[in-house]
Amino acid sequence: MATKVYDAIVVGTGAGGGMAMKLLCEAGLSVLALNSGPRTEPSKHYRLHRQPYDLKYRGFGNPRVLEGKPHQQRYSVEESECNEGPELFEHDVAYSNAPGTDWYWKRCKGTGGKANFWGRSSARYGDIDFKAADLDGWGENWPVDYAEISPWFAKAERYMGVASTIQNRPSNPDGEYLPPIPFRCIDFIIQKAGEKIGVPYLPDRCAQLTVAHNGHPACHYCGNCTRGCDVGAFFSPTWFTIPDAENTKNLTLLTDALVRSVLVDENGLAKGVAYVDRKTMVDVEVYARVVVLAASCVETAHIMLNSRSRHWPTGIANSSGQLGRNLCDHLYGCPGYGYLPQLVGQPATPDNIADSTVGWMPRWQNLKNPREEKFIRGYSVYVGGGCGEFPGYYRQLEGFGAEYKRNIKRYYPSTIGALIQAPSLPSPTNYVDIDPLKKDVFGIPQLRFHFEWGVNELLMWEHSKQLMIDLFKAAGGEMWGADTEPNRPGTSLHETGVCRFGNDPKTSVTNKWGQTHDVPNLYICDASIFPSQTDKTTTMPIVAFTMRSCDKMLEDFRKGAHRRA
């Protein structure tokens, strides 16, 4: 039988991969999408408005579900009893940490990936991010400016549906928005306190539908977003891009297909990929004219580093030596938590409406001068509060019995806590490579992490703690405490940099279109191309840059640079 050749293979079905296969299929290309795990089914894997007391293990999960798995630690926030264990989340593929590294690699292998369970913050990047190296002399500029990428930010916002307001902030340009999520009493108190200390508190840029949008229903505020939306009221591939791609009839979607490497022809160009069928453990090869890697940032680098041949002895498209280098992340942690006495004893209301934050403190540091602070660049803060599902402050209250229960209820509407989102700087000591000694259960050489927080982001961390002390004082609140250490690297799920794009093939892996310099029919559509972190999250920019890369790819097909199968 003749070997089937597709126009394009897309590896990964998350934020970037889902958008790539949607756009390529809608343009008439035959697309083979490979997903490393099973199909995500909301009716099976999502919570469906169940309460913890409706679940067999009361929300704590089966304590034995991960027995025998190489990776036995549950993934915080995203993984819960309603979707737990080896089915949707990656517990089979082990990874290594070099001495001194404590990377926490959270992975969702179900279709749609981590974008089914994300926090939904969707701010635009600006020239303060793209040209940061010009401002402070650290790292590399991005090969684009705001004027160039702005039309694709707009396309992404129109498709996804982002709720916010016009804010005129230099750190995050304004976009095209749905009505914002309304501020609650707790938000107005925080906002007024922020004004007293010169810190903005504004509606977040949130890809959560406050009104019906593009055939998707408005959010009904059940408050369980990061466990997967039951009705598709925020952007996720499961509800948006995957159905759009399948409706074209041009998509072939293979699940449980763990990609091992990119295959090359006699000229070193991409001709397909090799994958392992998880269920049969059989190695399979599939072929296409163009290969798109969107496996998530470090997994894309993992695949490329394992794609060694006589043409590419250190990994495909790695003539620059930058593949796997420049690993960046967001430093996460709680710089302060406590309560607002003016809300103690108020009636409880279901106001934890977004399972996240309604407002945020967009970067306000180093806006006029890149070295106003002891650190360069800047961070943002999300402040959450309200009547959540569980009173996590219970350890702060003393007593027992009826009085203790009354106090739990009295403090219920009043508690708040903060989360810092601080970008790490690119560093030659932060990178991923292949562990020379270890392989996973599928025989694939393991990825190894080398990463430690740098001085700059730790200075931001300390700065944010003082911010929260000042904020609680200005709000008339009482601060109970703060994390003593930031979260483990990798917690944010926002890693970038390991396949960075740039204009110089000697210092970057891809060009400004996400097309690898060395292999013109190999594209990358995830955050691995972003050469540095910002104070904003990565998902909406991944979608926007993927739209732009696909426009370039389709233009190359029209011009004959890529031949149709």
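Calculate, in nm to one decimal, what TYR404 and PHE442 gain on full extension: separation in residues at 0.36 nm each, minus their alpha carbon distance.
8.5 nm
Using C-alpha positions alone, give me the convex hull volume of the chain per residue in cubic angstrom.
Dividing the Cα hull volume of the chain by its residue count gives 150 Å³.
If I ignore ligands, DNA and RNA and count only protein heavy atoms, how much of ASP145 is accessible to a 1.4 Å probe, in Å² to the nearest 10?
60 Å²
Would you compute, from DSSP H runs of 4+ residues alone, the mean residue ellipticity of the chain at 222 nm, taking -39500 (n - 2.57) per run and dividing by the full residue count, rounded to the nearest 500?
-6500 deg cm²/dmol
What lysines does LYS439 reach when the alpha-carbon gap must be under 30 Å and sequence neighbours fewer than 8 apart in one chain are set aside?
Counting by Cα, and skipping residues close in sequence, LYS439 has these lysines nearby: LYS69, LYS106, LYS109, LYS114, LYS271, LYS279.
Principal axis extents for region 356-428, Cα atoms only, whole Å, descending order, please.
Largest first, region 356-428 extends 55, 26, 20 Å along its Cα principal axes.
For region 461-535, what are the per-bin percents of Cα-Cα distances with bins 10 Å wide, up to the bin holding the maximum?
17, 30, 19, 17, 14, 4
Please determine, in degrees from 0 to 90 and to the nearest 10, the orientation of helix 15-26 with respect to the longest principal axis defined by the Cα atoms of the chain, where the helix direction is its Cα long axis.
Roughly 50 degrees between the two axes.
For region 299-405, which trypsin sites (Lys or Arg not before Pro) are in a loop by DSSP, counting at most 15 other Cβ atoms within 10 Å?
Loop-located and lightly packed - ARG310, LYS368, ARG371, LYS374.
What is the extension gain from LEU367 to THR349, computed as 0.36 nm multiplied by their sequence separation minus the C-alpha to C-alpha distance, in nm to one decimal?
Here the answer is 2.7 nm.
Keeping all protein chains in place, calculate the accessible area per residue for region 60-168 (probe 1.4 angstrom), answer in Å².
37 Å²
Taking 8 Å as the Cα distance limit and 6 or more residues as the minimum spacing, I'd like the relative contact order of the chain as a percentage.
This gives 22 percent for the chain.
Once both labels are modelled 7 Å past Cα along the beta-carbon direction, what's the ALA212-VAL5 spacing in nm?
Here the modelled spin labels are 4.7 nm apart.
Distance between the C-alpha centers of region 145-219 and region 476-494? Whole Å please.
With region 145-219 and region 476-494 each reduced to a Cα centre, they are spaced 24 Å.
Could you order LYS473, LYS439 so the one with the most accessible surface comes first? Probe is 1.4 Å.
My answer, sorted largest first, is LYS473, LYS439.
Take the Cβ-Cβ distance between GLU266 and ASP134 as r, set R0 to 60 Å, and report the resulting FRET efficiency rounded to the nearest 0.05.
The formula returns an efficiency of 0.90 here.
If one computes the Cα centroid of region 358-407 and of region 27-95, what distance in Å separates the two points?
If we compute the Cα centre of each part, the gap is 28 Å.
Would you please state which residues of region 134-155 a label at LEU459 would reach in this model, taking the label point 7 Å out along Cα→Cβ and a backbone N cut-off of under 17 Å?
134-139
Could you please state how large a percent of the accessible area of the chain is carbon and sulfur, counting protein chains only and using a 1.4 Å probe?
Carbon and sulfur atoms account for 52 percent of the accessible area of the chain.
If you fit an axis through the alpha-carbon atoms of helix 455-475 and take the longest principal axis of the Cα set of the chain, what angle between them do you get, 0 to 90°, nearest 10?
Result, in degrees: 30.
Would you work out the relative contact order for region 80-227, in percent, from Cα pairs under 8 angstrom that are 6 or more residues apart?
24 percent
Please compute one quarter of the surface area of the Cα convex hull for region 1-79 and express it in square nanometres.
8.9 nm²
The values are calculated or read from the model by the stated rules, or taken from the named source; none is laboratory data. As the structure is a computational prediction, the values presented were derived from the model and not from experiment. Ideal geometry is used to build each Cβ from the backbone, glycine not excepted, and the neighbour counts take in all protein chains shown. SASA here: full protein model, heavy atoms, side chains in, ligands and nucleic acids out. Shrake-Rupley method; radii C 1.70, N 1.55, O 1.52, S 1.80 Å.
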